[in-house]
1. Solvent-accessible area of residue 195, probe 1.4 Å, all protein chains present, reported in Å² to the nearest ten, please.
2. Compare 28, 186, 164 in a GNM of the chain, Cα atoms joined below 10 Å, and give the one with the largest fluctuation.
3. Can you tell me which lysines have their Cα less than 17 Å from the Cα of residue 121? Leave out same-chain residues fewer than eight positions away.
4. Using alpha-carbon positions, what is the distance between the centroids of segment 67-96 and segment 181-214, in Å?
5. Output the relative contact order of the chain, whole-number percent, from Cα pairs under 8 angstrom with separation of 6+ residues.
6. Can you give the relative contact order of segment 67-151 as a percent, counting alpha carbon pairs under 8 Å and 6+ residues apart?
7. Leaving out same-chain residues fewer than 8 places away, which aspartates and glutamates sit with a Cα under 19 Å from that of residue 71?
8. What's the longest uninterrupted piece of the chain once you rule out the GluC sites (Glu not before Pro) that are loop residues per DSSP with at most 14 other Cβ within 10 Å?
Amino acid sequence: MKIEIWSDVVCPWCYIGKRRIENALAEFGHADEVEVHWRSYELDPGAPTEPTQSTSVMLARKYGQSPEGAKQMQDRVEAVAAEEGLIYRLSETLHLNTVDAHRLIHLAHAEGGNDLQGRVKEALLEAYFTQARNVADPAVLREVAVAADLDGARVDEVLASREFEAEVRADVEQAQAYGATGVPFFVIDQKYGVSGAQPTEVFTQVLEQAWSESHPTLQTVGADGEACGPDGCAI
C-alpha cells in the first residue's frame with residue numbers, strides 16, 4: 001500500500017496530521033507493507049526567503065484580525081497539537097518561503113528513499129514548529145538536514161542551485177489535479193483521498209478499507225461438502 005502526503009513544512013495542521021496518520025499506522029496490522037511518500041505543497045509561494053515578520057502579524061493582516069485575535073487562533077491550534085504530543089511555538093514562528101526546504105525533502109528521497117525522506121521531513125517540521133527556527137535560512141536548513149543524515153556536500157550543492165525545483169512544482173500541480181485545495185492531503189493507492197488532519201480513527205478506517213480492497217479474501221459459500229484431502233477420500 002502506498003500513502004502519498006502533500007504538505008508544507010510551515011503548515012501547523014500538516015504536523016498534526018502526520019502524527020495522526022502515524023498513530024493509525026502504529027495500530028495497523030500491515031504497517032510493514034505500507035510505503036509513505038512525502039509530496040511538496042507551498043501554502044504561500046510568494047513568501048519571502050528572508051522573513052521580516054512573524055506569522056502572527058501575517059495572520060492578523062490576512063484575516064483582518066487584531067494581534068490578540070491572531071494569538072487566540074494560534075493558541076487554539078497549539079492546544080490541538082499538544083493533544084498529539086507536539087509543543088508548538090507559533091507566536092515565535094516566521095512567515096517564510098519553503099521551496100528550499102521542499103527541495104531538500106526531494107533530495108532526501110533521491111539519496112535514501114522514503115526512510116531518509118521521512119526523517120528529514122520530521123526534522124524540518126520540528127525545527128519550525130517546536131524550535132521556531134528560520135527554515136528559509138540556508139545555514140539552518142543545512143544544519144537540520146545534516147543532523148537528519150543527509151550528506152552535507154549534497155545539501156550545499158542543492159541549496160546553491162535550483163535542483164529539484166521542477167519536482168516541487170510537479171507535486172503542487174499534481175495536488176491541484178487531484179482537486180486538493182489545502183493541506184495536509186493524503187492519497188492512498190491513488191484511489192482514496194483524505195483532506196485535512198482527520199482524527200486518527202478516520203485514517204484507521206480508510207487504511208483498513210484500502211487494504212481489504214487491494215487484498216480481497218475469498219468468501220466461502222455453503223457448508224463443507226464431500227471432498228478429498230491430504231489423508232485421502234472418505235469412500
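The values are calculated or read from the model by the stated rules, or taken from the named source; none is laboratory data. Owing to the predicted nature of the structure, the values given are computational and were not obtained by experimental measurement. In this analysis, Cβ positions are derived from the backbone assuming ideal geometry, glycine residues included, and neighbour counts consider all displayed protein chains. Surface areas here come from the heavy atoms of the whole protein model, side chains and all, with no ligands, DNA or RNA. Shrake-Rupley method; radii C 1.70, N 1.55, O 1.52, S 1.80 Å.
1. Accessible area of residue 195: about 70 Å².
2. In this elastic network of the chain, the residue with the biggest mean-square fluctuation among 28, 186, 164 is 28.
3. Result set, ordered by chain and number: 18.
4. First find each Cα centre; the distance between them is then 25 Å.
5. Relative contact order of the chain: 28 percent.
6. 30
7. 83, 92
8. Longest gap between qualifying sites, sites excluded: 28-225.
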